[in-house]
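The next block holds one structure in the form of structure tokens; read it before the comments.
The values are calculated or read from the model by the stated rules, or taken from the named source; none is laboratory data. Please read these numbers as outputs of a predicted model, since none were measured by experiment. Cβ coordinates were reconstructed from backbone atoms using ideal geometry, including for glycine residues, and neighbour counts include every protein chain displayed. These accessible areas exclude ligands, DNA and RNA; they are computed on the full protein's heavy atoms, side chains included. Shrake-Rupley method; radii C 1.70, N 1.55, O 1.52, S 1.80 Å.
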Amino acid sequence: MPAVKAARPNDIFTREQWKALTSVSRWHGLWLSLHAWLMVALVTGCTALLWQWHWLAGLVATPLALVLVGGRQLGLSILMHEGAHGLLHPKRKTNNFVGQWLTGAATGSDLHSYRAYHLTHHRFTQQSEDPDLGLSAAFPTTPASMKRKVIRDLTGQTFFKQRGNQFAVAWKGLKAMLSGTSDTTPAAKRDTSAGTPMNRNGAAGVAAPVVDLDGAKRTTRTVGRFLLIQLVVLLVSLATLGIIPFLIWLVALATTFQLILRIRNIAEHACTTTGGDDPFSHARTTKANMLMRMTLAPYWVNFHSEHHLFMGVPCYNLPEAHDLLIAKGYGPRMTIANSYGEVLRTVTRPVAAQV
């Protein structure tokens, strides 16, 4: 299929407005990356102190801590996504380092593999060539199906399935590295999406095999970075407040992060007219209050329609882009939900209501 139609910024914004919207700050992306880790430290540290004060206080605080840390883990993934678009820092080396090591590695993603397939997602949004199509194609779904998904996420089943797949591929790559085995597959036939199963977080992405050794080796390096970050978190935790901060981080990664990531993925494209000729229909923007921004929508990820319209706009400028679009009368052409609850009601319907 041909690529989806793109918006023409010059037809919408003045030259000064577009220059301001696409300006990549030298410090803002770095601050957001630091902010994500500071929030993790604050939440896990305070919860650990509550456990030390009284076990009951710690027990009450832990569920909230898991939700907040899971939201900040999504935030780190969002900032890795910013790095994939080159929007964390104007210097490419700095941008790639922050996107690879300080954000993506924390949740087991590889910046460069993610960038390759994610730009394909932008080019062929919701068409058969879209590697993210599996994240929205199953919707609308039934309440029973949604309930099963929530249970799988919150009980760690999703995490262990994904991580088991990733580690199995990494083991294959490690054996190839240790033995010095090289890939003999012709370059033109190699799997260009190899090494990205953890990035996709969909049924196809979880099960997608890595068909060449180069992809397996990339996955090995991705897992190596992931384990190194976990070790750093563990050592900092033990050196300060004991094991509890690390346990909160790890349990959140296996549970609440999975559910929050799923809801975010659903909100972006499920049950929209994405893929049509109108670029304003390619994604959904969801209004978010402060609680949602702390959990489901960190770092302005809820402005997804604006991101698909203008993927060169840094996340911190998306609210301004949204306000300008509304002021210029483009709101009726966009898919805008008033809340994440509204989105979930839209994508979850009884069997009799589905067509």
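Observations
- Restricting I229, I244, I266, I260 to residues that are among the aliphatic types (A, V, I, L, M), in contact (Cβ under 8 Å) with a residue 12 or more places away in the chain, over 24 Å from G341 (Cα atoms) and in contact with a Ser or Thr (Cβ under 8 Å, 6 or more places away or on another chain) narrows the list to I244.
- S113 being in a helix (DSSP H, G or I), closer than 14 Å to V223 by Cα and not hydrophobic (A, V, I, L, M, F, W, C): yes
- Within segment 278-291, residues that are more than 14 Å from V343 (Cα to Cα) reach partners that are charged (D, E, K, R) with beta carbons closer than 8 Å, at six or more positions or on different chains, in the pairs D278/K5; D278/R333; P279/K5; F280/R333; S281/R333.
- In segment 265-279, the residues that are open to solvent by less than 30 Å² (accessible area, probe 1.4 Å) and in contact with a Pro (Cβ under 9 Å, 6 or more places away or on another chain): A270
- Which listed residue, of A57, A3, A61, is of a type in the set (A, V, I, L, M) and at pLDDT below 95: A3
- Count of residues meeting criterion [more than 17 Å from the chain's Cα centre (by Cα) and open to solvent by 10 Å² or more (accessible area, probe 1.4 Å)] in segment 311-330: 12
- Checking E268, E342 one by one, the residue that is of a type outside the set (A, V, I, L, M), in contact with a His (Cβ under 6 Å, 6 or more places away or on another chain) and under 30 Å from I151 (Cβ atoms) is E268 and no other.
- Within segment 240-255, considering residues that are open to solvent by 20 Å² or more (accessible area, probe 1.4 Å) and assigned to a helix (DSSP H, G or I), the one nearest to R148 (Cα to Cα): V251
- Within segment 334-351, the presence of at least one residue that is in contact with a Pro (Cβ under 6 Å, 6 or more places away or on another chain), farther than 23 Å from E82 by Cα and either among the hydrophobic types (A, V, I, L, M, F, W, C) or not in a loop (DSSP other than H, G, I, E, B) (or both) is confirmed.
- For segment 103-148, a residue qualifies if it is open to solvent by 40 Å² or more (accessible area, probe 1.4 Å) and hydroxyl-bearing (S, T, Y), and the qualifying residues are T120, S128.
- Against the test of being among the polar types (S, T, N, Q), farther than 16 Å from V69 by Cα, at pLDDT below 95 and part of a loop (DSSP other than H, G, I, E, B), the options T219, T274 yield a single qualifying residue, T274.
- If you go through segment 13-51 and pick out every residue that is open to solvent by 20 Å² or more (accessible area, probe 1.4 Å) and assigned to a helix (DSSP H, G or I), you end up with 21.
- Test result for I151, at pLDDT 85 or above and either open to solvent by less than 30 Å² (accessible area, probe 1.4 Å) or farther than 22 Å from T256 by Cα (or both): no
- Of the set (1) under 21 Å from A105 (Cβ atoms); (2) at pLDDT below 95, all apply to M334 but (1).
- Residues of segment 52-97 classified as of a type outside the set (A, V, I, L, M, F, W, C) and either open to solvent by 10 Å² or more (accessible area, probe 1.4 Å) or assigned to a loop (DSSP other than H, G, I, E, B) (or both), total: 16
- Residue match in segment 3-11 (condition: out of contact with any strand residue (DSSP E or B) (no Cβ under 9 Å at 6 or more places or on another chain), buried (at least 20 other Cβ atoms within 10 Å of the Cβ), in a helix (DSSP H, G or I) and free of Cβ contacts under 8 Å to residues at least 40 places away in the same chain): no
- Candidate set: segment 281-310, residues that are among the aliphatic types (A, V, I, L, M) and assigned to a helix (DSSP H, G or I); chosen: the one least open to solvent (accessible area, probe 1.4 Å): L309
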